[in-house]
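Notes to accompany the following structure.
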Amino acid sequence: MQRVDKVMSEWIRTQDKKPSYGVPVIAYCRIYGRFIAIYDRINDSDYGEWIRGEERGILPPTHWAYLAKIPDDNSRFIKL
């Protein structure tokens, strides 16, 4: 079984797989660099588009990855 933190840190090529509709992910393209984006449906169709903030239909990223989960209050943090 793979560790969750390892799986969540892997970049996925957009030509291989798209994220689920409406799930925020970190995306990468050569123009924008890294940014938070959402892949969402176009007018309730089976087609999707990338959204960055208020911008819809932006230049598609080449890769994306899941965002890390926000820690809860009971999480243990490494002291530096």
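Laboratory data are not the source of any read-out in this text; all were calculated from the coordinates shown. Here the structure is a predicted model, which means the values were calculated and not measured. No Cβ is skipped: glycine too gets one built from the backbone with ideal geometry, and neighbour counts run over all protein chains shown.
Working from the Cα coordinates of the range 19-76, the gyration tensor eigenvalues give, after taking √(5λ), semi-axes of 24, 15, 9 Å in decreasing order. Label positions at ASP16 and ILE31, each projected 7 Å from the Cα along the C-beta direction, are separated by 2.4 nm.
Just to confirm a number: summing +1 for Lys and Arg and -1 for Asp and Glu over residues other than TRP64 whose beta-carbon lies under 9 angstrom from that of TRP64, what do you get? Every neighbour counted, the sum reads +3.
Among 55-61, 16-22, sorting by the average number of other beta carbon atoms lying within 10 angstrom of each residue, highest first, gives 55-61, 16-22.
Model label points for ARG41 and LEU67, set 7 angstrom from Cα along the Cα-to-Cβ axis, are 2.2 nm apart.
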